[in-house]
Amino acid sequence: MKKNHGKSFFFLLLSLCASVLMGSEYKWSASINKTKAMTHEALYLEYICEFEDRGELYTIDFDPVGENELYDLKLLSEDVSYKDGKRRNRYEFVAFVKKAQKVDFTFDMVMKKTTQDSIDNTIIGRDNAQFVDYTSKHMRQETLSVDVEDAGSDLVGSFEIQREFGSLQVKAYEPFHLSLTLNGNGNLQDIKALDIQVEGVKVFAQEPYSEIALSKEGYIGKYHQKFAFVSEGNFTIPKVEIEYFDLREQRKKRLVLEPLDVEVLGGYKAEELLDAPQEQSQTFYKPEYLYYLLTFLAGYLVAQIKFKKTKKLQGKDAELIRKIANTKDLDELLFLLVLEKNPKFETYIKQIELNNIISLKDIQKDLYKLIKT
């Protein structure tokens, strides 16, 4: 039997055309902004899927964000746009590589396609059509590679440091406040809290907080940390040094803050500490500083001042109620409750610290009831 070569060729051509048409429904592209980088340097990756039409039948599963032993991948943006009736999906990521070596970014994804009939059946609510039927095509994105060198520092980018403080003269047991701000761009998210210790000085460090936003160059913004130093004598805050790798100059540099000499003058009298809480509270940046300092002062006063031992009589409760009634604001009330060192007041102390209490009168009424029970 003679073979029909023309017919065979026709079916082969038809198959090829169908394959081309199927593949031309969308096209992926990938790019990376650098082929050489330093450890912890921000790398910008972009993936784009362009459709030949509105692509309404397609859903894309593509979410490589995460952290592993080699790098940390963050999502910068994800959007869908339409131009001339054609759909365009765009994904932007920022990667921070942890180790010096060649790194390949190879990500999997799934292209899910349904039919218009399946969508219509689901919308209409026909039997056995509660879910849209998809055909899934598993794909692998183009591999993007980068050669990474060791920066020799955990902090990489471009940074500046600033500090703020008041008078270098304070009274004994009055807090000396120091505020540090690191600003710039790079891997700001990796900064560790600073630990400043001064011998013979009580140091209170606020939990650091950041005001940062992710960009193609890494995180841009500010990193803040505040300290309070309490002492009965003169002290020196040591030099602060932060090492980083400067990407502009391609070398390691140091941010340096020179030592600060703080002079401690004559201290407060006991009655000043106990009777003028409002004046004390005005010097604080945050409620937690007030709580820390007052706890410290309470301990000091207990050790230094000889209090008369009194029994818990009705008269003492009445005096406490009078003091609570005379408080002019929540800071003053907080001062009074801390000095009382009564476990029954701990809940109220925490609520004031967290700014969960707005009305002074309401908490005064609650305390009156608590004392009387």
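Name the long-range amide H neighbours of R87: under 5 Å, sequence gap of 5 or more, or other chain; modelled H, no Pro or chain starts.
Sorted by chain and number, the residues that satisfy this are F51, D53, R54, G55.
From the backbone phi of the stretch 224-231, what are the Karplus-calculated ³J(HN,Hα) couplings (6.51 cos²θ - 1.76 cosθ + 1.60, θ = phi - 60°) in whole Hz, Gly and Pro given as x?
10, 8, 10, 9, 10, 10, 10, 8
On a 29 Å Cα-Cα criterion, which of the cross-link pairs K328/K372; K171/K328; K202/K372 come out too long? Please report the intermediate quantities before stating the final value.
On the way: K328/K372 22 Å; K171/K328 25 Å; K202/K372 37 Å.
Too far apart for the 29 Å limit: K202/K372.
How many angstrom lie between the C-alpha centres of the stretch 209-237 and the stretch 344-358?
That distance is 26 Å.
Evaluate E = 1/(1 + (r/R0)^6) for L265 and K369, where r is the Cβ-Cβ distance and R0 equals 45 Å; express this FRET efficiency to the nearest 0.05.
On the way: r = 43 Å, r/R0 = 0.96.
FRET efficiency, L265 to K369: 0.55.
Aspartates and glutamates within cross-link reach of K253: Cα-Cα under 16 Å, excluding same-chain residues under 8 positions apart?
Partners found: E41, D150, D154, E160, E241, E243.
Could you go through the stretch 197-207 in sequence order and give the Karplus-derived ³J(HN,Hα) for each residue, using 6.51 cos²θ - 1.76 cosθ + 1.60 with θ = phi - 60°, rounded to whole Hz, and x for Gly and Pro?
10, 10, 4, x, 10, 7, 10, 10, 10, 6, 4
For the pair Y82/Q189, report the inter-label distance in nm, with labels modelled 7 Å from Cα in the Cβ direction.
Spacing of the two 7 Å Cα→Cβ label points: 3.3 nm.
Can you give the FRET efficiency to the nearest 0.05 for I48 and I358, using r as the Cβ-Cβ distance and R₀ = 51 Å?
Plugging the Cβ-Cβ distance into 1/(1 + (r/R0)^6) gives 0.50.
Ranked highest first by the average count of other Cβ atoms within 10 Å around their residues, in what order do 141-149, 316-324 fall?
Details: 141-149: 15.6, 316-324: 13.4.
The densest-packed peptide leads the list: 141-149, 316-324.
Which pairs break 18 Å Cα to Cα here: K323/K365; K27/K112; K102/K216; K316/K341?
Details: K323/K365 13 Å; K27/K112 14 Å; K102/K216 21 Å; K316/K341 15 Å.
Violating the 18 Å Cα-Cα cut-off are K102/K216.
Read phi for every residue in the stretch 171-187 and hand back ³J(HN,Hα) as whole Hz from Karplus 6.51 cos²θ - 1.76 cosθ + 1.60, θ = phi - 60°, with x for Gly and Pro.
Along the stretch 171-187, the couplings run 7, 4, 6, 8, x, 9, 9, 9, 10, 10, 10, 9, 10, x, 9, x, 8 Hz.
If r is the Cβ-Cβ distance from T114 to E249 and R0 is 45 Å, what FRET efficiency results, to the nearest 0.05?
Numbers: r = 54 Å, r/R0 = 1.19.
The value I calculate is 0.25.
Near the amide H of E41, under 5 Å away, which other amide H atoms are found, from residues 5 or more places off or on another chain, if H is placed in the peptide plane?
HN-HN under 5 Å from E41: V97.
Going by average Cβ density within 10 Å per residue, which order do the peptides 40-48, 335-343 take, highest to lowest? Please report the intermediate quantities before stating the final value.
Values: 40-48: 21.0, 335-343: 17.1.
So the order, starting with the most tightly packed, is 40-48, 335-343.
What spacing in nm lies between the two simple spin-label points modelled at E207 and E69, each 7 Å away from Cα in the Cβ direction?
About 3.2 nm, to one decimal.
Laboratory data are not the source of any read-out in this text; all were calculated from the coordinates shown. What you are looking at is a predicted structure, and each value in this text was computed from that prediction instead of being measured. All Cβ positions, even for glycine, are placed from backbone atoms using ideal geometry, and neighbour counts span all protein chains on display.
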